[in-house]
1. Quick check on VAL116: is it closer than 16 Å to LYS51 by Cα and not basic (Lys, Arg)?
2. Given TYR34, TYR48, TYR21, which one is more than 14 Å from ALA119 (Cα to Cα), outside any helix (DSSP H, G or I) and modelled with pLDDT under 90?
3. When residues of the range 76-102 are filtered for being in a strand (DSSP E or B), touching a Ser or Thr at 6+ places or on another chain (Cβ under 6 Å), closer than 16 Å to PRO60 by Cβ and not hydroxyl-bearing (Ser, Thr, Tyr), how many remain?
4. Somewhere in the range 95-103, is a residue aliphatic (A, V, I, L, M) and either modelled with pLDDT under 90 or touching a helix residue (DSSP H, G or I) at 6+ places or on another chain (Cβ under 8 Å) (or both)?
5. Can you name the number of the only condition in (1) over 13 Å from the mean Cα position of the chain (by Cα); (2) not in a helix (DSSP H, G or I) that VAL54 fails?
6. What number goes with the only condition from (1) aromatic (Phe, Trp, Tyr); (2) modelled with pLDDT of 90 or more; (3) not assigned by TED's automatic domain parsing to the domain that holds VAL111 that TYR86 does not pass?
7. Of the numbered conditions (1) exposed (fewer than 12 other Cβ atoms within 10 Å of the Cβ); (2) modelled with pLDDT of 90 or more; (3) under 18 Å from the mean Cα position of the chain (by Cα); (4) not charged (D, E, K, R), VAL27 satisfies every one except a single condition; which is it?
Amino acid sequence: MLRGRIKFIIAIAVIVVTLSYLVYGGVKEAKVYYLTVGELKERVPSVYTDKVRVSGTVVPGSIKKDLDGGLEFKITDGERTLDVHYKGIIPDIFKDEVEAVVEGVYTPENVFQANVLLAKCPTKYESLDGLEKGENI
């Protein structure tokens, strides 16, 4: 009877340790800092090894598509700019002066290698034809 209890306690301990390890690994992997361009630049060089998410406005005229399907552009927080290289699906609303969020790593070459690109939708609806609310077509 005592042997059965010891085996049961050992099995429970193994399960608890395994679940703790999986939860710790998942939280560590999912943890991503959310920074502005200025905050990212202030954390150099400690930020080189971290996966981070950076938000900023796309600098007008900075969007360039590569021949291999990549995208190079700059984002700004109004004071500092960040060179971004991205390869992946480009959101439909991505264009100059759109607020963008990029996720990836900042390299010692001062280039942000993004593996996720999000373009924020405008917070206010703007009519394409310039009509004011309540006007007839």
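The values are calculated or read from the model by the stated rules, or taken from the named source; none is laboratory data. In this text, all values refer to a predicted model and were calculated from it rather than measured experimentally. Positions of Cβ are backbone-derived with ideal geometry, glycine not excepted, and every protein chain shown enters the neighbour counts.
1. Working: closer than 16 Å to LYS51 by Cα: yes; not basic (Lys, Arg): yes.
Against the criterion (closer than 16 Å to LYS51 by Cα and not basic (Lys, Arg)), VAL116 qualifies.
2. Numbers: TYR48 fails: outside any helix (DSSP H, G or I); TYR21 fails: outside any helix (DSSP H, G or I).
Going through TYR34, TYR48, TYR21 in turn, the sole match is TYR34.
3. First, the residues of the range 76-102 that are in a strand (DSSP E or B): 76, 81-87, 99-102.
If we keep only those that are touching a Ser or Thr at 6+ places or on another chain (Cβ under 6 Å) as well, we get 76, 99, 101.
Remaining after also requiring closer than 16 Å to PRO60 by Cβ: 76, 99.
Now drop any that are not not hydroxyl-bearing (Ser, Thr, Tyr), which leaves 99.
Of the residues in that region, 1 qualify.
4. Just the residues of the range 95-103 that are aliphatic (A, V, I, L, M), to begin with: 98, 100-102.
Filter once more, keeping what is either modelled with pLDDT under 90 or touching a helix residue (DSSP H, G or I) at 6+ places or on another chain (Cβ under 8 Å) (or both): none.
No: the range 95-103 contains no residue that is aliphatic (A, V, I, L, M) and either modelled with pLDDT under 90 or touching a helix residue (DSSP H, G or I) at 6+ places or on another chain (Cβ under 8 Å) (or both).
5. The one condition VAL54 does not meet is (1).
6. (3)
7. With respect to (1) exposed (fewer than 12 other Cβ atoms within 10 Å of the Cβ); (2) modelled with pLDDT of 90 or more; (3) under 18 Å from the mean Cα position of the chain (by Cα); (4) not charged (D, E, K, R), VAL27 is out only on (2).
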